[in-house]
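Below: the structure, in structure tokens.
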Amino acid sequence: MFSQFRKSILISSASVLLAAIGGESQAQEKFDSKLLKNGKYTLACYAVNGSDESAIGTFTIGINASNDKLALTTITALAGLEEWKDTSISNLSNFKPIYRASHSTLKDMVLHFGNNVTGYHIDKKTGKKTLIKEAGDKYFIDSYTYPFILSLLPLTSGYSTDLPVYEYKPANGDNLKKAVVEEVKNSTWVSKYTGKHDVWEVTVVEPSTDEKSISYIDKKTRRLWQIDSWANGQQIRMVDIETDFNSVKAPFDKDETMKMVKGGNSIISGQVFARDFNDNGTIFAKMQVMNIQAKQVAPRGTKVVLIPYNDYFKEWIKTNESQRKKGREGIALLDEAAQCIKTTQVYDDQGHFEFVNLMPGEYLLYTEFGYDHSYSVAEVVGYTDHYINGMFQSTSTNTVNRDYSTGAGAVVKKVVRVSKPGEKVEVKLKKTRA
């Protein structure tokens with residue numbers, strides 16, 4: 001189970017940079033609310049030990065800036081613990097907090113902000129309830145808005161400032177602390193989906209605790225790509241996993257696509273096999289290769305996939321091929337699109353398969369399987385010279401046949417068209433050297 005110690009490190013790292021000085025007029029000049037973008041983002045969390053990363057959970061953060069208020073909701077999911085929800089509402093004009101709530105298996109907390117901070121905190125382990133009332137007339141920002149407030153600062157090379165942040169903890173002597181934006185400099189951050197981004201690398205420290213964080217903030221969009229934080233000798237890394245990223249622009253109609261694969265009476269059937277080949281270009285290229293098993297059928301149980309080849313799937317496949325060429329991750333299918341893909345299996349020892357109930361249209365068939373690449377090679381083991389009456393006439397080679405077998409794999413895809421209702425289309429899914 002995720003240890004309580006590590007959990008406390010992670011929670012503190014999410015709001016690691018706390019501060020407690022400055023006046024309201026000064027703070028209002030720093031932030032640009034126009035840089036905010038509504039949406040939902042998920043940060044994957046890792047415990048970092050040298051070059052090793054261990055996944056420990058996720059933060060899913062919803063941002064809604066409307067009606068003069070900024071509302072943040074955070075769903076925290078850590079390994080071995082039930083999910084919990086945090087809510088933070090701030091004034092959009094100056095980002096001073098209005099409301100804060102956190103409900104988990106460990107605590108319930110509700111805070112209201114005004115001239116006083118009022119509310120309650122319940123420790124669910126001990127059952128202790130603490131009523132909260134303290135001065136709230138100074139300017140500060142809430143700890144859970146902090147990572148996004150940081151993105152709204154007028155960041156530039158060499159920029160620095162102090163920030164006041166409020167975070168209630170029963171053990172705190174003072175819930176206001178100071179964080180120092182110590183260093184801002186140019187950097188880059190590389191996404192496995194969208195490539196390189198120019199970012200501000202922002203280092204912040206909390207002098208009273210020696211905690212530190214480095215945030216990577218997109219220069220153009222102010223998106224928070226990554227946070228590395230250090231507290232109590234532990235490093236936590238939070239990385240945007242880009243759940244909103246989808247570069248496929250073609251629309252998808254689930255009802256029409258599902259009808260293609262279930263609403264007709266046409267059939268696509270066929271055989272899956274590979275054509276074996278001579279090992280040209282290998283160490284056997286100059287040897288006599290014989291007895292190649294020319295036709296290698298896919299074994300019984302091999303999965304065959306049928307994709308309704310409409311505009312959405314065509315663009316999705318093209319986009320993923322482009323991503324792979326760039327060394328990036330592929331784009332995930334829409335859930336409703338994945339539900340429209342049909343699969344079947346090779347049902348005999350001759351590599352046969354069948355899809356039924358199809359409508360007219362184009363379909364992409366895909367399969368992959370392994371087989372033994374078996375062959376015989378005639379290898380020269382010596383030479384014999386021939387003489388007549390002591391005169392040299394010729395030389396012949398002495399050969400032996402040796403059998404070899406290596407593992408090989410076949411990946412086969414083919415676009416097939418069903419032209420009319422009730423049609424039965426026979427196909428050969430074969431992989432050749434080409």
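Every number here is computed from the coordinates shown, using simple stated rules; none is lab data. Since the structure is predicted, the reported quantities are computational estimates derived from the model, not experimental observations. Backbone-built Cβ (ideal geometry, glycine too); neighbour counts: all protein chains shown.
In segment 90-129, which trypsin sites (Lys or Arg not before Pro) fall in coil by DSSP and have 13 or fewer other Cβ atoms within 10 Å? Walk me through the numbers before you get to the answer.
Working: sites: Arg100, Lys107, Lys124, Lys125, Lys128, Lys129; in loops: Lys124, Lys125, Lys128.
Filter output for segment 90-129: Lys124, Lys125, Lys128.
Can you give the local net charge around Tyr347? Use residues other than it whose beta-carbon is closer than 9 angstrom to its beta-carbon, Lys and Arg +1, Asp and Glu -1.
Residues close to Tyr347 contribute a combined charge of -1.
Can you put Thr188, Thr367, Thr42 in order, fewest other beta carbons within 10 Å first?
Listing Thr188, Thr367, Thr42 from fewest to most nearby Cβ atoms yields Thr188, Thr42, Thr367.
By counting other Cβ atoms within 10 Å of each Cβ, how are Val304, Val48 ranked from fewest to most?
Numbers: Val304 24, Val48 15.
Ranking Val304, Val48 by Cβ neighbours within 10 Å, fewest first, gives Val48, Val304.
When the chain is fully extended, how far beyond the present Cα-Cα distance does Glu426 get from Thr105, taking 0.36 nm per residue of separation?
109.6 nm
Among residues other than Thr87 whose Cβ falls under 11 Å from its Cβ, what is the net charge (Lys/Arg +1, Asp/Glu -1)?
Local net charge: 0.
Determine the sum of side-chain charges near Gln323: Lys and Arg each +1, Asp and Glu each -1, restricted to other residues whose C-beta is under 13 angstrom from that of Gln323. Mind dumping the intermediate values first?
Values: positive: Lys192, Lys318, Arg324, Lys325, Lys326, Arg328; negative: Glu242, Glu315, Glu321, Glu329.
Value of the local net charge: +2.
Quick one: give the max-minus-min coordinate of the C-alpha atoms of segment 4-240 along each principal axis, largest first, in Å.
48, 43, 34
Among the lysines, which fall within straight-line cross-link reach of Lys192, defined as a Cα-Cα distance under 24 Å, with same-chain neighbours fewer than 8 residues apart omitted?
Excluding near neighbours in sequence, the set is Lys37, Lys40, Lys219, Lys220, Lys249, Lys314, Lys318, Lys325, Lys326.
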